[in-house]
Amino acid sequence: MFWGTFFEELHGMEDRQLGVLKGYDASMFRDYAPDVKSFLEAKEIPNAVTVCVDKIRHPGHTSNARELEVMKANVPEDEWKNIKITVISPSWYHFRYRAGRAFPKEVYATDEEYFEDVAKAYQVELKLLHEAGIRNVQIDDPNLAYFCSEAMLSGWKADSGNTKTADEMFDAYVKFYNACFERPADMHLGIHLCRGNYMGSRHFSEGAYDNIASKLFKDLNVDTYYLEYDTARAGGFEPLKHLPKNKNVILGVVTSKFPELEDKEKMVERVYQAADFIAEGNGQSREEALQRVGVSPQCGFASHAEGNSLGYEDMRKKLQLVRGIADQVWPSQP
């Protein structure tokens, strides 16, 4: 599962999946939250109902222990620094619940109190991963991209229970995330703004990055942005003008939803278009901007157990295409 087991192993969080729904109340969910809305179209409840029941604190061991063990067993020790570990969005079990429903009122009086303890848990997790030799962490985050969705924004505005506007909530999340992402200086941290990669090629949200680009790129304390650009639902590359000189972007121009292969030359041209906007925003040349750009599939090949419509050979060909695009754009890179 892309959301892993991080929250589920924190003290103060309780997993109430399917068979253990004591105290479950469907009204706790924002029915206009894109992933919740999508899941509820086919099921009575979302895939996971994990809620805060007490003060949150880290258990003192990383929930990624198994992944670390598997990866370290399969790569030389001098390559451990290049292992990437993914961690779920800090707001995953906050955004999906209506205002004040992510935690009991007798445990936390405000979002800010809840955010403070969750941030401390993330700081411990990053420290433990660093001590284990990990220098590359990716946050899997569908939620920030939801603030690009007009449907979600309309739902937010119509929800009389919200005490913050959508803009105020986005600002609060950026502040919250930055506290979560306090990390050792030599740890690289990226964030993937996922728009949904569910079975049957379902996606959860659409809308250009324009609404959030300035705050996302300038204020969020991350090194690299992994952005989905495989379909028109993400808009154009213009928002990349806001990407600062000290940050990178990986362009997800190759889809992981369908086996049909993209045209390599068209994808190369798209990478150049994106680099030109970055260059324009920073007063750089295309070549200078390209040093902070990469290319990848837009998401994983199986974000959920149900997977998508690609077979093994389809996935291999997609990755070969990505390699071919990279070789053409950056011929001197290893």
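Every number here is computed from the coordinates shown, using simple stated rules; none is lab data. This structure is a prediction, so every number in the text was calculated from the model and none was measured. For neighbour counting, all protein chains shown are included, and Cβ atoms are generated from backbone atoms with ideal geometry for every residue, glycine included.
If you take the square roots of the eigenvalues of the alpha-carbon gyration tensor of region 80-224 and sort them as a ≥ b ≥ c, do you get rounded (a/c under 1.5), prolate (a/b over b/c) or oblate?
Judged from the Cα gyration tensor, region 80-224 comes out oblate (a/c at least 1.5, b/c at or above a/b).
Would you compute, from DSSP H runs of 4+ residues alone, the mean residue ellipticity of the chain at 222 nm, taking -39500 (n - 2.57) per run and dividing by the full residue count, rounded to the nearest 500?
Values: 11 runs with 119 residues, N = 334.
Dividing the helical sum by the residues of the chain leaves -10500 deg cm²/dmol.
Check Ile56: other-chain or 5+ apart residues with amide H under 5 Å from its amide H, H built from backbone geometry?
Hits under the 5 Å cutoff: none.
Over region 7-329, what is the relative contact order in percent, taking alpha-carbon pairs closer than 8 angstrom and at least six residues apart?
Relative contact order, region 7-329: 14 percent.
Rounded to the nearest 0.05, what FRET efficiency do Ser332 and Glu269 have when you use their Cβ-Cβ distance and R0 = 22 Å?
On the way: r = 20 Å, r/R0 = 0.89.
Working from the Cβ atoms, E equals 0.65.
For P(r) over Cα pairs in 20 Å bins from 0, in percent, one of (i) 28, 59, 13, 0; (ii) 33, 59, 8; (iii) 29, 61, 10 was computed from the structure I shared and the rest are decoys. Which label?
Looking at P(r) over Cα pairs in 20 Å bins from 0, in percent for this model, the match is (iii).
Residue-wise, which Karplus ³J(HN,Hα) couplings in Hz belong to region 3-8, taking 6.51 cos²θ - 1.76 cosθ + 1.60, θ = phi - 60°, and x for glycine or proline?
Values, residue by residue: 8, x, 10, 4, 5, 4 Hz.
With a 10 Å Cβ neighbour count serving as the proxy for reagent exposure, in which order, fewest first, do Asp314, Asp210 appear?
Working: Asp314 17, Asp210 13.
The most exposed by this proxy come first: Asp210, Asp314.
Quick check: net charge around Ala172, other residues with Cβ under 9 Å of its Cβ, Lys/Arg +1 and Asp/Glu -1?
Taking every other residue near Ala172 into account, the sum is -2.
For Arg66 and Ala99, FRET efficiency with R0 = 35 Å and r from the beta-carbon atoms, rounded to 0.05?
Once rounded, the FRET efficiency stands at 0.50.
Check the straight Cα-Cα distances from Lys164 and name the lysines below 20 Å, setting aside those fewer than 8 residues away within the same chain.
Lys105, Lys175, Lys215
I'd like the projected area of region 85-143, averaged over all directions, using the convex hull of its alpha carbons. Report it in nm² with one decimal.
Computing the convex hull of the Cα atoms and averaging its projections yields 4.3 nm².
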